[in-house]
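Visitor: I'd like to ask you about the structure that follows.
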């Protein structure tokens, strides 16, 4: 195994869309892949918003085990791009305000689906993952190895977002979507981007300084 430090974690914050593979009910036993948007939760796990009527939702209710593939190949060269395959079980979660607010920051167009009242949030409880970052950079990890640190609390993240609210609203072509101990998620001129910190930030002051540096570098 030769995986760059935190590479799978950052990848889960880089892209907006993943491939969900569930167990088909009919024909029984076949993998059923579909593509859909997701947002990373505070523990970097994919959170999806899916219709109760969708085939993959019926599949998950019958068997919550699933695979989830995330790929970052901006130049189209998939074999040399980064990708991570997550294995685990999806669980339906309550639409708490912090869950809704976070998801809508990453996918504001999802507001129209929430208004229908037919969509529910699900989060993947990761058991194992395989990361491939190019030739010689690949390997398996247990889900717990993705991030051993306690996640950034909702209040802590909200305070940072509020402090940098001008950037969150898109001033200078940059929008702050989310913050964790390893980096900041941005939207730059409409495109998703990840700013990785040099190291994990364990306290509020270090986080504030890191986000301030991020904003200063990206603001026009």
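Values in this text are rule-based calculations from the coordinates and carry no lab data. Computed from a predicted structure; not experimentally measured. So basically every Cβ, Gly included, is an ideal-geometry build from the backbone, and we count neighbours across all protein chains shown.
Visitor: Once label points are set 7 Å from the Cα along Cα→Cβ at both residue 80 and residue 149, what is their separation, rounded to one decimal in nm?
Guide: If labels sit at residue 80 and residue 149, their model points lie 3.2 nm apart.
Visitor: A follow-up question, please. For the chain, find the longest principal axis of its Cα atoms and tell me its angle to the long axis of helix 97-106, 0 to 90°, nearest 10.
Guide: The angle comes out near 80 degrees.
Visitor: Hey, another quick one. So what's the back-of-envelope 222 nm ellipticity for the chain, counting only DSSP H runs of four-plus at -39500 (n - 2.57) apiece and dividing by all residues, rounded to 500? Intermediate results must be reported in sequence, preceding the final value.
Guide: Values: 7 runs with 58 residues, N = 220.
The helix contribution divided over the chain gives -7000 deg cm²/dmol.
Visitor: Determine the gain in length on full extension of the stretch residue 104-residue 25; use 0.36 nm per residue of separation and subtract their C-alpha separation, reporting nm with one decimal.
Guide: Working: separation 79, 0.36 × 79 = 28.44 nm, distance 3.09 nm.
Once the chain is fully extended between residue 104 and residue 25, it gains 25.4 nm.
Visitor: For 182, 113, 32, what's the fewest-to-most ordering of other Cβ within 10 Å of each Cβ?
Guide: Details: 182 23, 113 14, 32 17.
The order, fewest Cβ neighbours first, is 113, 32, 182.
Visitor: To test your reading of the geometry: what angle, between 0 and 90 degrees and rounded to tens, separates the Cα axis of helix 154-163 from the longest principal axis of the chain?
Guide: Helix 154-163 and the main axis of the chain meet at about 40 degrees.
Visitor: Just to be sure I understand the model, the point goes 7 Å from the Cα along the line to the Cβ. What's the resulting residue 204 to residue 163 distance in nm?
Guide: Output for this residue pair reads 0.8 nm.
Visitor: Tell me, 9, 116, 104 in order of fewest to most beta-carbon neighbours within 10 Å?
Guide: By the 10 Å Cβ count, ascending, the order reads 116, 104, 9.
Visitor: Based on the Cβ-Cβ distance from residue 91 to residue 7, what FRET efficiency comes out when R0 is 25 Å, to the nearest 0.05?
Guide: The computed FRET efficiency comes out at 0.45.
Visitor: Convex hull volume of the Cα atoms in the range 67-185, per residue, in Å³?
Guide: 155 Å³
Visitor: Ratio of Rg to Rh for the range 149-220, alpha carbon only, Kirkwood? The partial results should precede the final answer.
Guide: Values: Rg = 11.2 Å, Rh = 12.0 Å.
Rounded to two decimals, Rg/Rh equals 0.93.
Visitor: Residues of the range 28-66 with amide nitrogen under 13 Å from the 7 Å Cα-to-Cβ point of residue 115?
Guide: In the range 28-66, the label zone of residue 115 (backbone N under 13 Å from the point 7 Å along Cα→Cβ) covers no residue.
Visitor: Using 0.36 nm per residue, how much length does the chain from residue 65 to residue 36 gain when fully extended, once their Cα-Cα distance is taken away?
Guide: Stretched fully, the residue 65-residue 36 segment lengthens by 8.7 nm.
Visitor: For a footprinting-style exposure proxy, rank 93, 48 by other Cβ within 10 Å, fewest first.
Guide: Fewest-to-most Cβ neighbours within 10 Å comes out as 93, 48.
Visitor: For the chain, what is the per residue volume of the convex hull drawn over the alpha-carbon atoms, in cubic angstrom? The partial results should precede the final answer.
Guide: Values: hull volume 28.7 nm³, N = 220.
Given the Cα convex hull of the chain, per-residue volume reads 130 Å³.
Visitor: Also, quick follow-up: Using 7 Å Cα-to-Cβ label points, what is the residue 140/residue 53 separation (nm, one decimal)?
Guide: Placing both labels 7 Å beyond Cα along the Cβ direction yields 4.1 nm.
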